[in-house]
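These notes concern the structure reproduced below.
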Amino acid sequence: MLTKRIIPCLDIKDGRTVKGVNFENIRDAGDPIELGALYAQQGADELVFLDITATNERRKTLSELVTRIARHVNIPFTVGGGISSVEDVSVLLNAGADKVSVNTAAFKDPGLLNALSREFGSQCIVLAIDTRFEDGDWFVYLNGGRVKTDTRTTDWAKEAVERGAGEILLTSMNNDGTKQGFALDITRRLSENLNVPVIASGGAGTMEHFADVFEKAHADAALAASIFHYKEIAIQDLKNYLYHRGIQIRF
């Protein structure tokens, strides 16, 4: 059985780690490289860095940041934020990222996923989906959760995997930052119906929430931010807890 992964997420704005609730009310949480190195040392399996700065200078600053992260972090890391072309991905992978995460650009041009997986292999292409439950189903949102679409999350995830996405990073906007637990239903639907790993994101508040998303929703990985940034849960303690629950975890 594959071990379950614990993934701290660092949202980066203007070079600093930030965190919000339901995608709003952003506050500072420290230096992303220092935090990333600390999490690696503490036993994180992977890291995700998402640049939420909306600037034209983004690609240059992001690749410089990735170079610095790669120098200080010795575990696999994914980088995302405004990535919209084969060239963008090439720059970031060459700078040292292990995987890249694409979101809005892939939804607007699904052929991008085909092109990226052809060029780089699907194992380094992560499709991020921001989703919200409303009108009886889960729908895809774009542009950092600001723009609603009429596409059901299950439909888009299925198409994306067929086009070459090697992993799905699923963030429930209803749960994000609430610390009330992950969205188990939609996570389980994707985990059971897709043949690629699903990373659950949004809502982690207790160690039990991680156990639930692994045991009940069959997620392959669980991602969290503020509980790690503000030292509410230590990664090592979390892994010990999961191990004693009988969940396969890497030490």
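General remarks:
- So Arg27, is it at pLDDT below 95, open to solvent by 30 Å² or more (accessible area, probe 1.4 Å) and in contact with a Lys or Arg (Cβ under 7 Å, 6 or more places away or on another chain): yes
- Put simply, of Asp176, Asp135 the only residue that is under 16 Å from the mean Cα position of the chain (by Cα) and acidic (Asp, Glu) is Asp176.
- Where helices (runs of 4 or more DSSP H) sit wholly within segment 143-239, those with at least 3 residues that are closer than 22 Å to Thr104 by Cα and either open to solvent by less than 40 Å² (accessible area, probe 1.4 Å) or aromatic (Phe, Trp, Tyr) (or both) occupy 153-163, 184-193.
- Residue match in segment 77-92 (condition: on the phi > 0 side of the Ramachandran plot and either out of contact with any helix residue (DSSP H, G or I) (no Cβ under 9 Å at 6 or more places or on another chain) or of a type in the set (S, T, N, Q) (or both)): no
- Residue, nearest to the chain's Cα centre (by Cα), within segment 226-248, restricted to residues that are at pLDDT 95 or above and of a type in the set (A, V, I, L, M): Ile235
- Subset of segment 79-94 [under 22 Å from Ile129 (Cβ atoms) and among the charged types (D, E, K, R)]: Asp88
The values are calculated or read from the model by the stated rules, or taken from the named source; none is laboratory data. Computed from a prediction, not measured in an experiment: that's the story for all the values here. So basically every Cβ, Gly included, is an ideal-geometry build from the backbone, and we count neighbours across all protein chains shown. Side chains included, ligands, DNA and RNA excluded: accessible areas come from the protein's heavy atoms. Shrake-Rupley method; radii C 1.70, N 1.55, O 1.52, S 1.80 Å.
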